[in-house]
Every structure is written in structure tokens, then in C-alpha cells.
Amino acid sequence: MSHERVEVDLGVLIRELEEGLDAFKQDFPLDNFRKGDYKQYPVITLLACSDSRVPGNMVGSMFNRVFTIENIGNQVKTGEGSILYGLLHLGTPFMIVSGHSDCGAIKAASSDYSGEPEALRKELTTVKQSLNQGLKAMKGSLSDDEKKKYTQLAELNVDVQIEYLLSHPEIKELVEHKDLYILGTMLDLHDVYGGGYARTYLSNVNGEKNPDMIKGYTELGSLAARANRIS
């Protein structure tokens with residue numbers, strides 16, 4: 001699980017941080033914020049992997065639009081309270097569970113992580129349990145190709161998170177009344193699917209995993225055409 005530490009010029013990093021803070025202030029949508037009485041009105045609850053290559057703004061503008069939960073391996077159980085807040089209290093009509101190719105948490109949970117700190121072991125064990133559950137339900141087998149195999153595992157992991165969300169009676173009721181759509185997505189950072197780098201695919205909708213079925217969800221418009229899976 002070791003990773004080379006990034007060498008940085010501290011002065012350059014500080015300047016970049018200051019520029020980022022100043023840019024946020026300069027571009028801050030104050031007029032719209034005032035119109036909403038300074039409250040939050042997100043339309044998406046996003047559960048994403050905390051991997052730095054998976055930015056929340058992959059779904060577009062973030063401010064007052066996306067309620068974001070991030071943890072390693074995009075696990076519902078790790079951030080369950082925050083997710084329920086987004087769905088049941090803020091009432092976002094979309095819940096997105098975003099997996100991605102080359103997920104370090106998926107790889108780590110598939111290896112020996114016994115030497116890691118207790119808190120990290122706990123989170124990786126949650127990921128491992130999700131993978132085991134996904135593998136039990138899997139039809140077919142994992143690819144011999146490493147990139148495809150770990151992408152398959154990431155897909156299965158997303159499936160398990162959606163299954164767990166649907167086990168909540170309140171969430172299931174929202175889905176049944178079409179007040180909530182739970183979208184499972186896969187961000188392909190490495191062109192594993194063959195459609196180009198950084199393309200996002202729809203792998204699961206409300207528990208439906210068949211791409212052909214998902215493509216028939218006309219209420220999702222052009223988004224349904226992104227349905228695709230490896231596993």
C-alpha cells in the first residue's frame with residue numbers, strides 16, 4: 001500500500017492555495033446565494049471515492065448543488081449518516097455512487113493490510129466485505145487482465161452500495177415513488193472500457209444492472225445512453 005511521497009515546492013504550493021481561495025471568493029455566486037436566503041439547496045447527494053483523481057466537479061458546478069461525501073472505496077457504511085442527511089433531510093432527487101478505475105482502496109482491500117493503522121484497517125475491512133458480497137452475487141468470472149479485473153471489482157462495489165441503500169425502507173419508498181434516483185457510475189480514468197479517458201459510465205440505476213434495461217429509462221434522457229458494464 002506504500003505510495004511515494006510527492007515532492008513539492010512549499011512556496012509554490014502556498015501561492016497556489018492563495019490563488020484558489022481568492023478565485024473562489026471572486027467567482028462566488030453571491031446574488032444567487034442571497035435569493036436562496038443563504039441556505040443550501042443541493043440536488044445531488046454524491047458518494048465518491050476520496051481518491052484525488054476523482055473530483056466532485058466531475059458532475060458539474062458544485063456550489064449549493066452537490067452534497068458530497070467522500071471516503072476510500074466510496075462506502076455507504078463509512079459515511080452513512082451524512083448520506084442519509086442528504087437524502088432524507090435535504091431531499092436531493094439524485095443519489096450518485098461513483099466508483100472508478102484503478103481504485104487504490106479496492107486493490108488494498110484485496111491484499112494483506114494487516115500492518116496498517118487500526119482506523120485504516122477498519123475502513124478497508126468495510127471495503128473488503130463489500131467486495132466479498134459483490135463477488136457472491138456476480139455472474140461469470142473476473143478478467144485475467146489486471147485493469148479490467150479491478151474495474152470489475154469497483155463495479156461490484158458500487159452495486160453493493162446501492163443494494164445497501166435500498167435496504168433502508170425510507171430510501172426504497174422514495175425510489176418507488178420516483179422521488180429519488182440512485183445512479184451507480186464508473187469514472188474510467190484509464191480507458192479500460194475503450195471509450196476514452198475520463199469518461200463516466202452508468203453501471204447501475206436503482207439496483208438495475210443490465211445496460212440494455214438502463215438504456216430504456218427514458219426519464220433519464222441522454223444519460224441512459226451511458227449505460228455500460230464490464231462485469
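Structure notes:
- Structure remark: mean-square fluctuation, Gaussian network model of the chain, C-alpha springs under 10 Å; the largest value among L46, L13, L220 belongs to L13.
- Label selected from (i) 25.8, 81; (ii) 18.6, 54; (iii) 21.0, 87, the criterion being Rg and Dmax of the Cα atoms in Å as computed here: (ii)
- Most fluctuating residue given options Y113, Y197, Y38, as computed from a GNM of the chain linking Cα atoms under 10 Å: Y38
- Annotation: extensible slack from S114 through S141 equals 7.0 nm (criterion: 0.36 nm per residue apart, minus Cα-Cα distance).
- V12 versus L84: modelled label distance in nm, points set 7 Å from Cα along the beta carbon direction: 4.6 nm
- Pairs of Lys in the range 10-155 closer than 17 Å at Cα, counting only those 8 or more apart or on different chains: 12
- Other residues lying with their Cβ under 12 Å from the Cβ of E155 contribute a combined charge of +2, Lys and Arg counting +1, Asp and Glu -1.
- Fluctuation leader among A109, A137, A23 - the chain, Gaussian network, Cα springs under 10 angstrom: A23
- Once both labels are positioned 7 Å from their Cα atoms along Cα-to-Cβ, the gap between R34 and L166 label points is 4.6 nm.
- Bridge orientation summary for the chain: considering DSSP beta bridges with both residues in this region, about 25 percent are antiparallel.
Just so you know, all these numbers are worked out from the coordinates, no wet-lab data involved. Predicted, not measured: the structure shown is a model, and the values here were computed from it. Reconstructed Cβ throughout: ideal geometry from the backbone, glycine too, with neighbour counts over all protein chains shown.
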